[in-house]
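All remarks here apply to the structure that follows.
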Amino acid sequence: MSPIGTRKVLITGGGTGIGRAVAEAVLRAGGSVVVTGRRPEPLEAVVAAFPGRVHALPCDIASVSEREGLLSRASALLGGLEGFVHCAGIVEHQPPGHIDEASLRAQLEVNLVAPLRLGEQALQVLEPGGGMVFVSSTLAVRALETSAVYSAAKAGVLQLMRSLALAGAPRRVRANAVLPGVVDTDMVRTLRLAPGEPMPSEPERTARMGAQLERLRALQPLGRLGRPEDVAEAVLYLLGAPWTTGAEMVVDGGILLRE
Ligand SMILES: NC(=O)c1ccc[n+]([C@@H]2O[C@H](COP(=O)([O-])OP(=O)(O)OC[C@H]3O[C@@H](n4cnc5c(N)ncnc54)[C@H](OP(=O)(O)O)[C@@H]3O)[C@@H](O)[C@H]2O)c1
């Protein structure tokens, strides 16, 4: 039987990338899931791939009114909730001096405020023995010149995770985090442009994207970028680990060893 924490799980960002891989890992282990995101299409694709075991709950977690009661709605759909994975995230690379105000606010809302508010809901809704997992980043502990806002938010998530772990402990509700390195998803396949630079034409975009991915690959001690499943495996473990709370698991192909 699958461990408690892994059987009825809500996953933000569950329609794409790492979130979708987490959904598939839970489903393969015999659980059922609710997946959220803003776009209905990726969520419906997960529903179609696993008929009867997935519920799609479109939600913009940056909206205070939309995220209110999200965990309770997921619990009602699944007949209880044991696990919560906060995987939704956004990044915009901008160096200091070029940090756009709207982008700053949006990144903080999705990457820091929403996980705190949803984590508070999880404390109320998760069944005893259940767990929440926050997807942080190695950029929480290692800065790029262009990642000030994203790095600050991902570092903040680690600290709020620890407070939630303490608050949840009396009911045996656990909170943990994973810190992925560079994982090959849409997020990494977005071209990093210089401030004010327009998007190049298609052939140039493709060539520069290839070079960007190759540069990132060359940094990896284990020789390849991460796959969403590499991270999903760690998330599934933490969801179901009964005596682990307040922990951070680095899943990064060894890139932090370079620092
Ligand atoms: N890829 C990497 O190298 C890497 C490394 C470290 C950490 N991470 C973290 O891993 C997580 C997953 O990212 P990914 O790499 O799998 O990229 P991704 O495919 O772009 O996933 C991001 C997900 O977040 C959802 N999302 C964004 N804004 C949202 C909002 N306002 N409300 C609800 N959902 C929202 C997106 O769905 P919609 O667009 O439909 O809303 C999407 O499903 C993120 O937290 C990211 O920061 C990624």
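For region 163-196, the set of residues classified as touching a helix residue (DSSP H, G or I) at 6+ places or on another chain (Cβ under 9 Å) and either assigned to a helix (DSSP H, G or I) or more than 24 Å from ARG142 (Cβ to Cβ) (or both) consists of SER163, LEU164, ALA167, GLY168, ARG171, VAL173, ARG174, listed by residue number. Suppose we keep only residues that are among the hydrophobic types (A, V, I, L, M, F, W, C) and outside any helix (DSSP H, G or I) within region 217-239. Which one would you say is nearest to the ligand (Cβ to nearest atom)? Only one residue tops the list, namely LEU225. The set of residues from region 121-149 being touching a His at 6+ places or on another chain (Cβ under 8 Å) and crowded, with 17+ Cβ neighbours inside 10 Å comprises MET132, VAL133, PHE134, VAL135, THR146, SER147. Taking the listed residues ALA167, ALA148, the one that is closer than 28 Å to ALA234 by Cβ, more than 16 Å from the ligand (Cβ to nearest atom) and at pLDDT 95 or above is ALA167, with no other qualifying. Entry remark, region 95-147: residues being within 22 Å of GLY246 (Cα to Cα) and of a type in the set (Lys, Arg) number 2 in total.
Does region 17-34 contain any residue that is within 7 Å of the ligand (Cβ to nearest atom), in contact (Cβ under 8 Å) with a residue 60 or more places away in the chain and not aliphatic (A, V, I, L, M)? Yes, some residue in region 17-34 is within 7 Å of the ligand (Cβ to nearest atom), in contact (Cβ under 8 Å) with a residue 60 or more places away in the chain and not aliphatic (A, V, I, L, M). Of the listed requirements (1) in contact (Cβ under 8 Å) with a residue 40 or more places away in the chain; (2) surrounded by 17 or more Cβ atoms within 10 Å (Cβ to Cβ), PRO42 misses just one: (1). Note on region 176-213: residues that are within 23 Å of GLU233 (Cβ to Cβ) and more than 16 Å from the ligand (Cβ to nearest atom) total 0. Of the residues making up region 57-78, one or more are buried (at least 22 other Cβ atoms within 10 Å of the Cβ) and either charged (D, E, K, R) or in contact with a His (Cβ under 8 Å, 6 or more places away or on another chain) (or both). Residues in region 41-67 that are among the polar types (S, T, N, Q) and within 11 Å of the ligand (Cβ to nearest atom): SER63 only. When ARG117 is evaluated against the numbered criteria (1) within 14 Å of the ligand (Cβ to nearest atom); (2) assigned to a helix (DSSP H, G or I); (3) more than 27 Å from PRO170 (Cβ to Cβ), which criterion, by number, is the only one it fails? Only one criterion is unmet by ARG117, namely (3). You will find that of LEU70, LEU10, LEU77, the residue that is within 14 Å of the chain's Cα centre (by Cα) and more than 9 Å from the ligand (Cβ to nearest atom) is LEU10 and no other.
The values are calculated or read from the model by the stated rules, or taken from the named source; none is laboratory data. Since this is a predicted model, take the numbers as computed values, not measurements. When we count neighbours, we look across all protein chains shown, and the Cβ atoms used for this are built from the backbone with ideal geometry, even at glycine.
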